[in-house]
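> The structure is given below, and queries will be raised subsequently.
The values are calculated or read from the model by the stated rules, or taken from the named source; none is laboratory data. Computed from a prediction, not measured in an experiment: that's the story for all the values here. As a convention, Cβ positions derive from the backbone with ideal geometry for all residues, glycine included, and neighbour counts pool all protein chains shown. Ligands, DNA and RNA are stripped out before the accessible areas are found, and what is left, the full protein with its side chains, is counted by its heavy atoms. Shrake-Rupley method; radii C 1.70, N 1.55, O 1.52, S 1.80 Å.
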Amino acid sequence: MLQSLKSESKVIFYYFKVTSKSILTYIGIFLFTLLTFMRSSVVGESIFTFIDYNYVAFIFCNLFFSVSATQLMQKQLESTLFLERNLWQHVKRLYLTYFLMITVLCSFVIIFILFFNNPSTNYAFTLLGIIHFIVIFYSSNLVGVSIGICAGYFIKNELSTILTLLILGLFTAIPRIVAGKNDTLTALFSLYDDHQFIMTNTLVGILVNTSYLMDKLFLILLIITVALIVRFATYPKEKWLYSGLLLVVISSQLLILTNYSIPKFHYNYPTTLEQNYQIIEHNMNLTLSNKLKNQSTISLIPLEKTDTISLLLDDTFDVQQVRINEQTVSYQRSNHVVTIAYPFQAQQQVEVTIQYEGTVYIANNINFDTFYVSPLAINLPGDSFKWYPEAPAHTPINFNIKIGSSATIYSNLTQTQNFQFQGRAYSAHLFAGQYKIEEVDGIRYMLPINYQLSTIESYLQTILDSPTVSEEIKKVITDKTYQQLIVGIWPLEDGSDSIKMEGDTLLLNFI
Amino acid sequence: MILNNQLIVENIQYNYAKKNILQDVSFTCSNGIIALLGNNGAGKSTIMKIIAGMMKPAKGKVLLNNQSILTSQNYPIHKIGYLPQDFDIYGNVSGYDFLSYVYDIKKLKQPSKKQVLDELIAKFNLEEVIYKKFSSYSGGYKRRLGIAQAVLGEPKLIIIDEPSVGLDPIQRIEFRSYLAEISRTAITLISTHIIEDVELYSDEILILREQHIQFQGSVEQLIQLSTPHIYSANVQVDELIAFKKKVRTIEEKRISDTLIKVKFINNQGETFGNKEKEISLENAYVYFQNK
């Protein structure tokens, strides 16, 4: 067994030599390396921006692997076929060889990333960035290899190279042609980072959510589909089994194609909701991981005798239970509103506890990650996104939030202990992600890692001349009366300001 | 002690596009050079490929030392060497890389790979080119590397398809000497249509004609078989055309400006001419193909 594995690895090494000792390889690797090195300053900003911007280098790499695989496959040497016995065995060895080559190249790029990486990037984001790079690098190159092997097998002459280039060209062209018109085709057929068609959100890096996994799974299934087609054509045994497998794989792809979607934010929170109560205090027991889970306890005083009260809460969340003074009560959900039924007495304070949870991954109209909760990145601006139950009218209330999260969280509220925030504010805002902290003249700045403080200061100066910014904010900027500045994300399409003041915190929109 | 190997081919039938290419092909052979002769398109390469396990016959068995090689799940490549008619490898690797690959893929168990390869390289005089890219090899070197890879691991059966194609006379002499050496310990099955080579090196001949093996025996036996039927006559140049209409000529040799010596097959008991004494393998082969 060991001897057999040893021999097999040496055979793979022979193919490694066959592939690497070619002018095509030298050109491909030279161009890939050159283009990658030209992006060294971008790695210094963020790994994710680098992966996004470096797609041209990836294209060259894919071209090299696919053309190389085509040429190796179309040349079906009799001596090799005799020794390897069947073409499928040969195909498997080619796959393994290219996997090895991809691994070697990938390792160099990882070293390059680690060397030029932004020093402000924390360990977890570096790891996530490298994993994201590996996923894109392997999947895109293996798609190229699969196309090459398939074309080389079916067309045993130079036309196969042209076919390979055409098919690979389609994978580059389709997402560009349909970008902005069809999210599914744009995402699923893109071999590279989907953010190449929109601005990269440095703060979030990448969200490993269902859409991301479906997107990558689609490419893996595509690789398997092509490999199965070649397996089917080259090896006569177990055809029924493999045709069944092929059917399952293609069905799975169709399932992904028909179910893929990116949740979008629509500005349709009700504006005419009646408020017949006053919130005194809002306590939250919040878990922020791949999901947002919250037990929200609101102390409120009904202003009149009523049978129902209504609170705003985004429909993203599923309410599991509502209790009033520890008694379970009924409720209704509709259009981002939770309507709670209970015989409320005027001026009689009650404690309303709402348990809810949901996956927060909402993009804006151009697919820019806007509201999100992940183990590493969080963007929950309280007033723009109803991530906790709140009254229609904004009034300052006391917040007391306990958070379970692996991320370092920044908020307009005061951090009293680890993962515990308190304070009186109109809204509670929570942020986490690729931030760097700078402190100048007693003011803390939480900036995206690729931002310079000087850029922010210049931006604040330009705001002073803006007619849309309130005089109150301008005064805060001029007098530097804010204690901290946090760069976050919220949609501006509903007329929101790109700069807001919450207590002693100045919130600046990243977009 | 040299072990005698045995190859048994039994009732091979092969069809292609509803056409019968081989029908009940059977023969047995042991160590030595066995030449498979046949006209172009007779099915020589098909037999070779079937024995090499690269084509599947509709019917029949191939046994090497009593072990069926076509039905065995793992074709015994370590026991068999194969040199295809158009031997080619990837042009950007060296001959050494390729021999090393053959050694590994055959999972050979000799103690030192380097020693085995070095000896093989020296034996086939490949030292000068062995580390150069295969694409830079001359036709002769390519053929030498081809034989070297076929004999690597001392196989029991060596299958060589059209070995002399593309070789110049010196290379053919060289090639014959290699074959003579390797066939001492292995069954060396060669398909060819170059009769001259067969006469010089083969121990046994198989003639494939009309989908069957029509003859199996030595060169001498084939000649002996044809001797009673090959005649010769001296014919005037101006009578040659008329003479050729009467008989099936197999060789013409100019004696003088007016006289030609013609060898012909005497199948119908013609009364002219004399029994020919100097019969070559080529004469015998042509007789056999026309009888």
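> Hey, does the range A:256-271 have a residue that's free of Cβ contacts under 8 Å to residues at least 12 places away in the same chain and in a loop (DSSP other than H, G, I, E, B)?
Narrowing the range A:256-271 to residues free of Cβ contacts under 8 Å to residues at least 12 places away in the same chain: A:258, A:266.
From what is left, the residues that are in a loop (DSSP other than H, G, I, E, B) are A:266.
Within the range A:256-271, one or more residues are free of Cβ contacts under 8 Å to residues at least 12 places away in the same chain and in a loop (DSSP other than H, G, I, E, B).
> A further question follows. Can you tell me which residue is nearest to the other protein chains (Cβ to nearest Cβ) among those in the range A:76-103 that are more than 16 Å from A:Tyr14 (Cβ to Cβ) and either of a type in the set (Gly, Ala, Ser) or part of a helix (DSSP H, G or I) (or both)?
Per the criteria, the residue is A:Glu78.
> Conditions: (1) touching a Phe, Trp or Tyr at 6+ places or on another chain (Cβ under 8 Å); (2) modelled with pLDDT under 95; (3) open to solvent by 10 Å² or more (accessible area, probe 1.4 Å). A:Asp318 meets all but one. Number of the miss?
Result: A:Asp318 fails condition (2) only.
> What is the number of the single condition among (1) more than 28 Å from B:Tyr137 (Cα to Cα); (2) β-branched (Val, Ile, Thr); (3) within 14 Å of chain A (Cβ to nearest Cβ) that B:Ile105 does not meet?
Failed condition: (1).
> Going through the range A:203-217 one residue at a time, which ones are crowded, with 20+ Cβ neighbours inside 10 Å and over 24 Å from A:Asn379 (Cα atoms)?
none
So that you can scan it fast, the table gives a plain yes or no per residue for (1) surrounded by fewer than 19 Cβ atoms within 10 Å (Cβ to Cβ); (2) free of Cβ contacts under 8 Å to residues at least 12 places away in the same chain:
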residue	(1), (2)
A:Thr80	no, yes
A:Asn86	yes, no
A:Gln89	yes, yes
A:Ile102	no, no
A:Ser107	yes, yes
A:Ile111	yes, yes
A:Leu114	yes, no
A:Phe125	no, no
A:Ile131	yes, yes
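> Output the residues belonging to the range B:52-75 that are open to solvent by less than 10 Å² (accessible area, probe 1.4 Å) and within 11 Å of chain A (Cβ to nearest Cβ).
The initial filter retains those residues of the range B:52-75 that are open to solvent by less than 10 Å² (accessible area, probe 1.4 Å), namely B:52, B:62, B:64, B:69.
Passing the criteria: only B:Ala52.
> Taking the range B:80-89, which residues are of a type in the set (Val, Ile, Thr) and more than 7 Å from chain A (Cβ to nearest Cβ)? Outline the logic, then answer.
Here is the first cut: in the range B:80-89, the residues of a type in the set (Val, Ile, Thr) are B:80, B:89.
Scanning the range B:80-89 gives a single hit, B:Ile80.
> Right, something else. Would you say A:Gln71 is more than 9 Å from every other protein chain (Cβ to nearest Cβ), open to solvent by 50 Å² or more (accessible area, probe 1.4 Å), in a helix (DSSP H, G or I) and over 21 Å from A:Ile136 (Cα atoms)?
Considered against the rule, which asks whether it is more than 9 Å from every other protein chain (Cβ to nearest Cβ), open to solvent by 50 Å² or more (accessible area, probe 1.4 Å), in a helix (DSSP H, G or I) and over 21 Å from A:Ile136 (Cα atoms), A:Gln71 comes out as yes.
> Which condition breaks for A:Phe60 when tested against (1) open to solvent by 30 Å² or more (accessible area, probe 1.4 Å); (2) away from chain B (no Cβ under 14 Å); (3) touching a Leu at 6+ places or on another chain (Cβ under 8 Å); (4) within 30 Å of B:His78 (Cα to Cα)?
So the condition that A:Phe60 fails would be (4).
> Now a separate question. Of the residues B:Ile50, B:Ile34, only one is part of a helix (DSSP H, G or I), under 19 Å from the mean Cα position of the chain (by Cα) and over 30 Å from A:Lys21 (Cβ atoms); which?
B:Ile50
> Going through B:Ser177, B:Ser183 one at a time, which residue ends up being in contact (Cβ under 8 Å) with a residue 60 or more places away in the chain, of a type in the set (S, T, N, Q) and more than 25 Å from B:Asn11 (Cβ to Cβ)?
Working: B:Ser177 fails: in contact (Cβ under 8 Å) with a residue 60 or more places away in the chain.
Of the residues listed, the single one that is in contact (Cβ under 8 Å) with a residue 60 or more places away in the chain, of a type in the set (S, T, N, Q) and more than 25 Å from B:Asn11 (Cβ to Cβ) is B:Ser183.
Yes or no, residue by residue, for (1) open to solvent by less than 10 Å² (accessible area, probe 1.4 Å); (2) among the charged types (D, E, K, R); (3) at pLDDT 95 or above:
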| position | (1), (2), (3) |
| --- | --- |
| A:Asn379 | yes, no, yes |
| A:Asp383 | no, yes, no |
| A:Ile401 | yes, no, yes |
| A:Ser406 | no, no, no |
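> Scan the range A:68-105 residue by residue and report those that are under 17 Å from B:Asn92 (Cβ atoms) and among the polar types (S, T, N, Q).
A:Ser68, A:Thr70, A:Gln71, A:Gln74, A:Gln76, A:Ser79, A:Thr80, A:Thr97
> In the range B:167-274, which helices (runs of 4 or more DSSP H) lie fully inside it and hold 3 or more residues that are farther than 30 Å from B:Lys142 by Cβ? Step through it out loud before you land on a result.
Values: elements: B:169-182, B:195-201, B:219-226, B:240-246.
So the answer is B:219-226, B:240-246.
> Kindly list the number of the only condition in (1) under 15 Å from B:Ala148 (Cα atoms); (2) among the polar types (S, T, N, Q); (3) within 9 Å of chain A (Cβ to nearest Cβ) that fails for B:Gln115.
Single failed check for B:Gln115: (3).
Per-residue answers, yes or no, for (1) farther than 30 Å from A:Leu222 by Cα; (2) assigned to a strand (DSSP E or B):
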position: A:Leu247; (1), (2): no, no
position: A:Leu286; (1), (2): yes, yes
position: A:Asn294; (1), (2): yes, yes
position: A:Thr316; (1), (2): yes, no
position: A:Val322; (1), (2): yes, yes
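> So, in the range B:90-102, exactly how many residues are facing chain A (nearest Cβ under 10 Å) and over 12 Å from A:Phe82 (Cα atoms)?
9
> I've got another one for you. Could you tell me which residue of the range A:301-327 is farthest from A:Lys291 (Cα to Cα), considering only residues that are under 41 Å from the mean Cα position of the chain (by Cα) and of a type in the set (Asp, Glu)?
Filtering the range A:301-327 for residues that are under 41 Å from the mean Cα position of the chain (by Cα) and of a type in the set (Asp, Glu), the one farthest from A:Lys291 (Cα to Cα) comes out as A:Glu326.
> Those residues that are more than 20 Å from A:Tyr53 (Cα to Cα) and among the hydroxyl-bearing types (Ser, Thr, Tyr), I need them from the range A:137-172; list them, please.
A:Ser146, A:Tyr153, A:Ser160, A:Thr161, A:Thr164
> Can you name the residue in the range A:478-495 that is assigned to a loop (DSSP other than H, G, I, E, B), without any contact (Cβ under 8 Å) to a residue 40 or more places away in the chain and more than 27 Å from the chain's Cα centre (by Cα) and, of all such residues, is surrounded by the fewest Cβ atoms within 10 Å (Cβ to Cβ)? Break it down stepwise before answering.
Going through the range A:478-495, the residues assigned to a loop (DSSP other than H, G, I, E, B) turn out to be A:480-483, A:489-495.
Then drop every residue that is not without any contact (Cβ under 8 Å) to a residue 40 or more places away in the chain, which leaves A:480-482, A:492, A:495.
Now narrow it down to the ones that are more than 27 Å from the chain's Cα centre (by Cα): A:480-482.
Working: A:Lys480: 14, A:Thr481: 12, A:Tyr482: 20.
Selected residue: A:Thr481.
> Follow-up. Which of the residues that make up the range A:264-287 are under 20 Å from the mean Cα position of the chain (by Cα) and modelled with pLDDT of 85 or more?
To start, the set of residues in the range A:264-287 that are under 20 Å from the mean Cα position of the chain (by Cα) comprises A:264-266, A:287.
A:Thr287, the sole residue that qualifies.
> Just need a number here: residues in the range B:13-28 that are under 15 Å from B:Ser45 (Cβ atoms) and touching a strand residue (DSSP E or B) at 6+ places or on another chain (Cβ under 7 Å).
Total meeting the criteria: 4.
> Quick one: how many residues across the range A:329-344 are hydrophobic (A, V, I, L, M, F, W, C) and either within 33 Å of the chain's Cα centre (by Cα) or outside the structural domain of A:Pro302 (by TED's automatic domain parsing) (or both)? Talk me through it step by step, then tell me what you get.
Start the filter on the range A:329-344 by keeping residues that are hydrophobic (A, V, I, L, M, F, W, C), which leaves A:329, A:337-338, A:340-341, A:344.
Retained after the next criterion (residues that are either within 33 Å of the chain's Cα centre (by Cα) or outside the structural domain of A:Pro302 (by TED's automatic domain parsing) (or both)): A:337-338.
Residues in the range A:329-344 being hydrophobic (A, V, I, L, M, F, W, C) and either within 33 Å of the chain's Cα centre (by Cα) or outside the structural domain of A:Pro302 (by TED's automatic domain parsing) (or both): 2 in total.
> Here are the criteria: (1) closer than 30 Å to B:Thr46 by Cβ; (2) open to solvent by 40 Å² or more (accessible area, probe 1.4 Å); (3) out of contact with any Lys or Arg (no Cβ under 8 Å at 6 or more places or on another chain). Tell me which single one B:Lys245 does not satisfy.
The number of the failed condition is (1).
> Consider only pairs whose beta carbons are under 6 Å apart and that are at least six residues apart or on different chains; among these, list those whose first residue lies in the range A:451-468 and is farther than 21 Å from A:Gly433 by Cβ and in the same structural domain as A:Gly44 (by TED's automatic domain parsing) and whose second residue is of a type outside the set (A, V, I, L, M) and surrounded by 11 or more Cβ atoms within 10 Å (Cβ to Cβ).
Cβ pairs passing all conditions: none.
> If you take the residues of the range A:4-23 that are in a helix (DSSP H, G or I) and within 7 Å of chain B (Cβ to nearest Cβ), which of them is farthest from A:Val145 (Cα to Cα)? Explain how you work it out, then say what you get.
As a first pass, look at the range A:4-23 and keep what is in a helix (DSSP H, G or I): A:4-20, A:23.
With the extra rule that they be within 7 Å of chain B (Cβ to nearest Cβ), the set shrinks to A:4, A:7, A:10-11, A:14, A:17-18.
Details: A:Ser4: 26, A:Ser7: 24, A:Lys10: 21, A:Val11: 19, A:Tyr14: 18, A:Lys17: 17, A:Val18: 15 Å.
The residue in question is A:Ser4.
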